[in-house]
Amino acid sequence: MAHTVTLIPGDGIGPDLTDSVKRVIGALDVDIEWEIAEAGETVMEKEGTPLPESVLESIRKNKVAIKGPLTTPVGTGFRSVNVALRKELDLYANVRPSLSLPGIETPYKNIDIVLYRENTEDLYAGVEHTVGKHAAESIKIITREGTERICRMAFEQSKAEGRKHITVVHKANIMKYTDGLFRDVFYEVAKDYENDFEEIDDRIVDNMAMQLVMKPNLYDVLVCPNLYGDILSDLLAGLTGGLGVAPGANIGDGLALFEPVHGSAPKYAGQNRANPLATLLSAKNMIDYLGYSDEAERMQRGIEAALSKPETRTKDLGGSAGTKEFTEAIVSNL
Ligand code: NAD
């Protein structure tokens, strides 16, 4: 079945990255058509908003989208388009896989962990105020409904991927009500998946941070409330090469937006210098999500082959290739 996917090129190096995606996906045996939707700085100049309604309509219609990074100018008043997209489309799960890759030197080997971060609640709900002149408060919000949907997604997707160990991360020893609710709801949802996993357990967040540094290979899937998920997902990216190589996805009910974790690196825009790896890995996860698992596997192998030689790796990874040469090396290795 043909799929139409919304493609947001984005700002800065965004178009270099999405050109690479179009080239690699175009060389695979997948039936995908792109619907280009412009958002970000350039659109702001033309249309007076960085996120035209037509972009949201395109994603709602096509259900699946991929985007390059979008610049959030400092001090101009327009809010982050990335945050607006997540809010408008209720993309309540931030999914961050972390996988060791050849050619990327880190002290860690064979990392393969997926983190599901709740994207809408917790201290990030933005309920904050000052109390008199010398104090401020922020309210931590955790709801049964919000927790249940992220937990169910994590169990469902992990089951489909054949993963066997799932861990909820919390600080319920101190925040007995909020994090206690998150942990309790996780275990309630877990009852429906007892036969699908070998281990279903929980860790306190500070201990989890230490364990991920000392023995990350013990972990498989992590489910986190917003704040801990934000921090631990960057820690996980650090285990496999940093934010520059980390793919991501924001997922809601029936809607998915795939994107690299890094920003728009404006100084490299249009110079054949940007590393498209994180965007390509996001695109690989996207075709997997669309049901092309064999082609996703083929794409992964092509990427790994190109990464394994310095002459076909990009400069930020110690290689000598530009965006286009790396892209062509992947295509020739498919
Ligand atoms: P950045 O990720 O753009 O850059 C950090 C450093 O990494 C820079 O030195 C940059 O040149 C380098 N870098 C990043 N991606 C690279 C790539 N693919 N290839 C080679 N080098 C790369 O972070 P920043 O400078 O803090 O942010 C720039 C802009 O991006 C800001 O406006 C910020 O708001 C935005 N941003 C957007 C997203 C998103 O769209 N999801 C995420 C983060 C930042």
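Computed quantities for the displayed model
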item	result
When residues of region 42-61 are limited to those that are among the hydrophobic types (A, V, I, L, M, F, W, C) and in a helix (DSSP H, G or I), the one surrounded by the fewest Cβ atoms within 10 Å (Cβ to Cβ)	Leu56
Any hit, region 168-176, residues being more than 20 Å from Gly238 (Cα to Cα), over 23 Å from the mean Cα position of the chain (by Cα) and free of Cβ contacts under 8 Å to residues at least 12 places away in the same chain	yes
Tally of residues being among the aliphatic types (A, V, I, L, M) and more than 14 Å from Leu222 (Cβ to Cβ) across region 161-175	3
One residue from Pro50, Pro73, Pro102 being modelled with pLDDT under 95, touching a helix residue (DSSP H, G or I) at 6+ places or on another chain (Cβ under 6 Å) and farther than 30 Å from Val223 by Cα	Pro50
Region 242-253 - residue that is modelled with pLDDT under 95 and out of contact with any Leu (no Cβ under 7 Å at 6 or more places or on another chain) and, of those, farthest from the ligand (Cβ to nearest atom)	Asp253
Top-ranked residue of region 266-282 - restricted to ones that are surrounded by fewer than 21 Cβ atoms within 10 Å (Cβ to Cβ) and of a type outside the set (Lys, Arg), ranked as farthest from the ligand (Cβ to nearest atom)	Gly270
Matching residues, region 10-41, being part of a helix (DSSP H, G or I), closer than 30 Å to Asn333 by Cβ and not hydroxyl-bearing (Ser, Thr, Tyr)	Gly14, Pro15, Asp16, Leu17, Asp19, Val21, Lys22, Arg23, Val24, Ile25, Gly26
Elements of type strands (runs of 3 or more DSSP E) contained in region 171-287, each with 2 or more residues being within 30 Å of Gly302 (Cβ to Cβ)	221-224, 247-251, 256-260
Residue within region 203-215 that is within 13 Å of the ligand (Cβ to nearest atom) and crowded, with 22+ Cβ neighbours inside 10 Å present	no
Qualifying residue in region 299-309 (condition: part of a loop (DSSP other than H, G, I, E, B), in contact (Cβ under 8 Å) with a residue 40 or more places away in the chain, among the charged types (D, E, K, R) and within 11 Å of the ligand (Cβ to nearest atom))	no
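For every residue, the table says whether it meets (1) touching a Cys at 6+ places or on another chain (Cβ under 7 Å); (2) outside any loop (DSSP other than H, G, I, E, B); (3) small (Gly, Ala, Ser); (4) surrounded by fewer than 19 Cβ atoms within 10 Å (Cβ to Cβ).
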| residue | (1), (2), (3), (4) |
| --- | --- |
| Ala65 | no, yes, yes, no |
| Leu70 | no, no, no, no |
| Pro73 | no, no, no, yes |
| Arg79 | no, no, no, yes |
| Asp90 | no, no, no, yes |
| Arg96 | no, yes, no, no |
| Thr106 | no, no, no, yes |
| Lys109 | no, no, no, yes |
| Leu115 | yes, yes, no, no |
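The values are calculated or read from the model by the stated rules, or taken from the named source; none is laboratory data. Small disclaimer: the values here were computed from a predicted structure and weren't measured. Reconstructed Cβ throughout: ideal geometry from the backbone, glycine too, with neighbour counts over all protein chains shown.
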